[in-house]
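Computed from the coordinates by the stated procedures, all read-outs in this text should not be read as laboratory data. Everything quoted here is computed from the prediction, not taken from an experiment. Methodologically, a virtual Cβ is constructed for each residue, glycine included, from the backbone with ideal geometry; neighbour enumeration extends over all protein chains shown.
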Amino acid sequence: MKKPQRANFSFYLAILTLSLIVLLLFFLSLILGSESISLGKIATAFKEKDYSSFVLTIILKIRLPRSILALLSGALLAASGTVFQGYFRNPLADPGLIGVSAGATLGAVIFSSLSLFIPIGAFFGGLMAASFVYLIAGGSKTSTDSSRLLLSGTALGVLFAAITSVLLILKDKEIYKMYLWTQGSFNAKGWNILFMVLFPSLLSFFLMFLTTKKLDLLSFGEKSAETLGLNLQGTKLLCLTSASLASASSVCAGGTIGFIGLIAPHTMRILFGSRHKKLLPLSMLFGSSLVLFSDILARKIAPPMEVPIGIITAFIGVPFFLFLLRRGRQDG
Amino acid sequence: MNLKNKKWISVSIVVLASALLCMGAFARGKKEVENRTLSRIVSLSPAGTETLFALGLGDLLVARTDFCNYPPEALSVNSLGGFDGKTFSLESVLAFNPDLVYLDVTMHGHLTDNLQNLGIQVFETNIASLDDIYKEVRELALLFDIKQRAEELITTIQRAYTPMPLADMQTISLDTENEYAKVYWEVWNAPYMSVGSSSFINDVIREAGAINIFSDIAAAYPVVSEESIIARNPSLILLPADSPENWESLSKRTGWQSIDAIQNKKVIKIDGDLISRPGPRIGEAIRAVQEALQ
């Protein structure tokens with residue numbers, strides 16, 4: 001009886017620690033930003049309750065929605081990465097791999113050139129891409145081959161990127177704006193974006209939590225999982241829909257931010273194993289921490305300029321990940 | 001020698017050979033261009049087209065871009081496409097048989113070597129300040145031996161606006177109020193992009209007698225933080241005329257209501273062609289900013 005208890009204990013300890021880290025980073029995200037405002041000034045501003053003062057304006061109207069979006073985005077990316085990696089049984093699966101990011105970018109570019117609201121274009125572009133992949137590669141009842149899905153996703157992703165490039169060349173004024181958008185940023189993202197993505201995000205979290213047991217079964221291989229009673233078609237639909245919804249929502253919130261969907265679940269898997277019921281919440285917390293931390297850096301590196309967050313996630317994520325891979329290899 | 005050593009040696013030879021080839025390609029150097037009378041000019045820059053006409057060289061222009069729309073005489077010159085160097089063919093440039101190509105180094109710099117190797121002279125424009133505009137007008141005039149016309153053009157530009165005391169950026173803090181009006185020029189709003197000190201628009205604002213709130217950033221078109229816009233509290237916000245935004249849409253932005261420019265309804269649009277072209281009409285752009293400041 002001892003082993004399960006100890007395993008559970010370390011899991012709950014990890015959840016607690018990560019939650020505290022997320023809270024700390026969230027708090028830091030509120031008090032740190034491009035404008036250096038001392039803690040004393042913040043405390044005074046809250047005491048005086050002058051809501052028109054620029055300190056409270058910046059903290060409550062700019063930094064607060066932005067921090068929530070960063071936290072949410074990190075969780076969405078990590079969760080969708082977890083589900084994609086679990087479903088494809090491929091530790092390199094990333095929300096971008098299935099073509100969702102490329103589709104979202106295409107949607108964003110189309111909406112931008114028509115002067116429509118870009119995040120909505122991104123959201124529907126991402127969903128459209130996921131539907132295409134599912135229709136083309138996974139439509140028939142007999143076909144559940146996950147590598148076929150992955151390949152189609154990659155191929156379609158390349159096609160969407162090519163179409164995007166053509167559009168950008170034809171409308172060359174859009175090029176620079178879209179280049180920045182594809183680097184990812186929470187700049188100028190406020191309450192309206194948050195309200196837009198809140199429902200789809202929460203729905204996707206709910207659906208992804210439903211996939212956990214199925215993903216565990218799937219890890220034994222499709223044939224074995226089927227003999228154990230898993231409905232392959234239903235699982236595919238659930239996994240891909242929920243993860244694509246999460247991925248599209250995160251692109252809508254912050255543009256295309258790479259590496260989180262790859263690194264967060266993978267790191268947690270190396271440290272805590274592959275049981276998805278544990279892996280999912282751990283990845284989400286870790287993903288939120290990474291994105292919150294990156295967003296703070298994005299604002300603090302060269303104020304008042306903001307560095308695109310995708311660049312920062314690459315710089316901190318990749319070495320961290322390589323370090324963990326090496327450690328994993330030495331132990332195993 | 002065993003197989004492993006052989007592999008390393010062949011790899012090293014390939015790498016070394018590639019490196020030498022690459023160095024050879026770069027070391028070719030620029031072909032010397034003989035000094036001769038220039039009579040056929042292709043302009044790949046709207047500002048350049050305006051400058052050429054203003055210097056009286058419009059007759060020599062054989063091709064322009066779609067964006068070269070001023071002066072009206074420019075429209076009767078053949079166009080070879082959009083502004084971005086990647087969207088028109090080098091062949092189209094060559095089809096006009098130019099002996100001088102006027103191009104913007106940031107947009108079409110990659111064409112320079114090709115053109116020079118074909119014996120075509122290239123005038124590269126790279127403007128980061130108002131002084132750069134004057135310097136290039138003089139350099140262009142030197143090529144055609146029309147020094148007098150250059151000086152006349154520069155005087156015309158400087159006469160277009162009221163000379164004002166210029167802010168000393170070393171001593172002024174952008175966070176506080178001071179005797180210079182603070183201006184925010186919004187290039188784009190998703191994400192927020194403005195101009196920094198290496199953009200000539202920064203100089204336009206300074207010459208008009210005001211300060212660009214992001215003049216402490218060295219980059220030309222930096223992405224800026226929304227909270228900095230609010231904290232630096234500009235008294236005037238300028239938008240390009242083709243922007244879909246206006247005072248109303250800006251006043252709806254969360255947190256912007258406390259900005260002076262929003263409270264005083266000082267959100268003014270300026271003709272993009274005037275202010276974003278570092279050419280002969282830049283003086284009029286400065287005057288437009290001064291009028292906006294009233």
## Note on the structure
Kirkwood calc, region A:1-97, C-alpha pairs only, radius in angstrom 16.6
#### Entry: Estimated distance in nm for a label pair at A:Asn8 and A:Phe199, the labels positioned 7 Å out from Cα along Cα-to-Cβ
3.8
### Query
Based only on the alpha carbon positions, what is the Kirkwood hydrodynamic radius of region A:225-293, in angstrom?
13.5
### Nearest-ten-degree value, helix B:282-293 long axis tilted from longest Cα axis of chain B
30
#### Entry: MRE, 222 nm, helices only [DSSP H, n ≥ 4, -39500 (n - 2.57), over chain B, to nearest 500]
-11000 deg cm²/dmol
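Given Cα positions, please report Rg to Rh for the protein assembly as shown, the hydrodynamic radius being the Kirkwood one. Don't jump to the answer; show the numbers that get you there.
Numbers: Rg = 28.8 Å, Rh = 27.7 Å.
Result: Rg/Rh = 1.04.
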### Summary
With Cα coordinates, the longest principal axis of chain B makes an angle with the long axis of helix B:3-26, in degrees rounded to 10, of 60
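For chain A, what D do you get in µm² per second when you plug the Kirkwood radius from alpha-carbon pairs into Stokes-Einstein at 20 °C and 1.002 mPa s?
104
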### Query
Tell me, how many Å apart are the Cα centres for region B:179-254 and for region A:9-52?
30
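Using the reciprocal of the averaged 1/r over all distinct C-alpha pairs, how large is the Kirkwood radius of region A:77-159 in Å?
Numbers: mean 1/r = 0.0772 Å⁻¹.
One decimal place: 13.0 Å for the Kirkwood radius.
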### Query
log10 I(q)/I(0), Debye, Cα-only region A:4-160, no solvent, q = 0.16, 0.20 Å⁻¹?
-0.99, -1.14
### Task
Grab every C-alpha pair in region B:118-275, bin the distances at 5 angstrom width from 0 up to the longest one, and report whole percents.
2, 8, 16, 19, 18, 13, 9, 6, 4, 3, 1, 0
### Summary
re region A:106-242: pairs of Cα atoms spaced beyond 19 Å account for a percent value of 61
### Query
Just from its helices, what would the mean residue ellipticity at 222 nm be for chain A, if runs of 4 or more DSSP H residues each count -39500 (n - 2.57) and the sum is divided by every residue, rounded to the nearest 500 deg cm²/dmol?
-25500 deg cm²/dmol
### Query
What's the Cα-based Rg to Rh of region B:33-133, Rh via Kirkwood?
0.93
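What do you get when you divide the Cα radius of gyration of chain B by 2.2 N^0.38 Å, with N the number of residues? It would help to have the intermediate numbers written out before the result.
Working: Rg = 23.6 Å, N = 294, 2.2 N^0.38 = 19.1 Å.
After normalising by residue count via 2.2 N^0.38 Å, the value is 1.24.
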#### Entry: Histogram of C-alpha separations across region A:286-331, 5 Å bin width, %
5, 22, 23, 19, 13, 9, 5, 3, 1
